[in-house]
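These notes are about the structure you will find just below.
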Amino acid sequence: MADEQRDVIEVLEQDHREVEEMFGELEALRGASTEEARSRRKELADRVTIELVRHSVAEEVLVYPEVEKKVSKEEAEHAREEHAEAEETLAKLEKLEPDDPAFDDELATLMSEIRHHIDDEEGEMFAHMRQVIDADELRRLGGRVEAFKKVAPTRPHPNVPNEPVPRMAAGPAASLFDRMRDLATGRGSSD
Ligand SMILES: [Fe+2]
Ligand SMILES: [Fe+2]
C-alpha cells in the first residue's frame, strides 16, 4: 500500500540521507566565491540546521526514551550528549556569514559530529531497536515522529537540556518563536 506508515527507523534514516545530501552540496561549494554560491551556502546551512533541530528534538522526546527503556540507558545518554555537542556547533554557525573563515570551520566540525552520530545510530542503536521493539510499535512511533517534526523548534537552543521534559516545557514557546522568525526572514522557505 503506497500510503502505509513508515516505521520510525525508515523515517529517521530518510532524514539522515537528506542531511548528508545537503552536506555534500555544502562541501562542493566550499571556497566558491561568487555571490550566488555564497547565498546558496547560507541557504543550505539554514536548511540543514532546521532539519537537524527538528529531527534531534523528535528523537530526544519520542525515540530516546524508548531506547532508554528497552535497549540501553547508556546508548540513549551517549546520543543525547552528541546532540548537545552538535547543538553548540549549530548555535555558533547560526551567527556566522558564509564569507567568514570561521563558517567553514564550524561547518566542518558540524559535519564530522553529525556523520559520526549517524554512524552510531544506524550502526548500533537502530539495529538494537529492531531486535527488541516489534514492527507495529516501530510504525506507530514513525507516525508520531512525523507529526512531531511539524511542530518542533527549528533553531538551536543549547541552553535547554536534551531531555524530554525540559524540551517539552520549552517547546511550544521555542517552536512558535522560531517559526515566526523563519516566516519574518524567509529562512528555509525555498523548499
Ligand atoms: Fe538521527
Ligand atoms: Fe540523533
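Below are the figures for this structure:
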{"quantity": "Rounded percent of accessible protein surface that carbon and sulfur make up, segment 15-67, 1.4 Å probe", "calculated": "46 percent"}
{"quantity": "Helix 8-28 axis, angle to the chain major axis (alpha carbon atoms, nearest 10°)", "calculated": "20 degrees"}
{"quantity": "FRET E, pair Glu74, Glu97, Förster distance 45 Å, beta-carbon r, rounded to 0.05", "calculated": "0.70"}
{"quantity": "Sum of -39500 (n - 2.57) over DSSP H runs of 4+, divided by residues of the chain (222 nm, nearest 500)", "calculated": "-24500 deg cm²/dmol"}
{"quantity": "Choice from Val160, Val48, Val132 with maximal GNM fluctuation in the chain (Cα, 10 Å cutoff)", "calculated": "Val132"}
{"quantity": "Accessible-area composition of segment 75-142, carbon plus sulfur, in percent [1.4 Å probe]", "calculated": "47 percent"}
{"quantity": "Candidates Glu74, Glu60, Glu20: whichever shows maximal mean-square fluctuation once the chain is modelled as a Gaussian network with Cα springs under 10 Å", "calculated": "Glu74"}
{"quantity": "Using a Förster distance of 22 Å, the FRET efficiency for Ser189-Thr34 (Cβ separation, nearest 0.05)", "calculated": "0.50"}
{"quantity": "Fully extended contour minus Cα-Cα distance, from Glu18 to Glu4, at 0.36 nm per residue", "calculated": "3.0 nm"}
{"quantity": "Peptides ranked, highest mean first, by Cβ atoms within 10 Å: ranges 78-89, 166-177", "calculated": "78-89, 166-177"}
{"quantity": "Cα-based Rg of the chain normalised by 2.2 N^0.38 Å, two decimals", "calculated": "1.03"}
{"quantity": "Inter-centroid distance (Cα atoms) of segment 138-168 relative to segment 1-54, Å", "calculated": "18 Å"}
{"quantity": "Per-residue ³J(HN,Hα) for segment 121-126, Karplus 6.51 cos²θ - 1.76 cosθ + 1.60, θ = phi - 60°, Hz, x for Gly and Pro", "calculated": "5, 6, x, 10, 4, 5"}
{"quantity": "3J(HN,Hα) from dihedral phi, segment 89-95, Karplus parametrisation 6.51/-1.76/1.60, rounded to Hz, x for glycine, proline", "calculated": "5, 4, 5, 5, 4, 4, 8"}
{"quantity": "Of Lys42/Lys92; Lys70/Lys92; Lys73/Lys150, pairs whose Cα-Cα distance is over 24 Å", "calculated": "Lys70/Lys92; Lys73/Lys150"}
{"quantity": "Note, ³J(HN,Hα) from phi for segment 133-140, Karplus 6.51, -1.76, 1.60, rounded to Hz, x at Gly and Pro", "calculated": "10, 6, 4, 4, 5, 5, 5, 4"}
{"quantity": "Fluctuation leader among Asp120, Asp136, Asp15 - the chain, Gaussian network, Cα springs under 10 angstrom", "calculated": "Asp136"}
{"quantity": "Accessible surface of Lys70 - all protein chains present, 1.4 Å probe, nearest 10 Å²", "calculated": "90 Å²"}
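The values are calculated or read from the model by the stated rules, or taken from the named source; none is laboratory data. Since the structure is predicted, the reported quantities are computational estimates derived from the model, not experimental observations. Glycine gets a Cβ as well: all are built from the backbone with ideal geometry, and neighbour counts include every protein chain shown. Heads up: the accessible areas ignore ligands, DNA and RNA and are worked out on the full protein's heavy atoms, side chains in. Shrake-Rupley method; radii C 1.70, N 1.55, O 1.52, S 1.80 Å.
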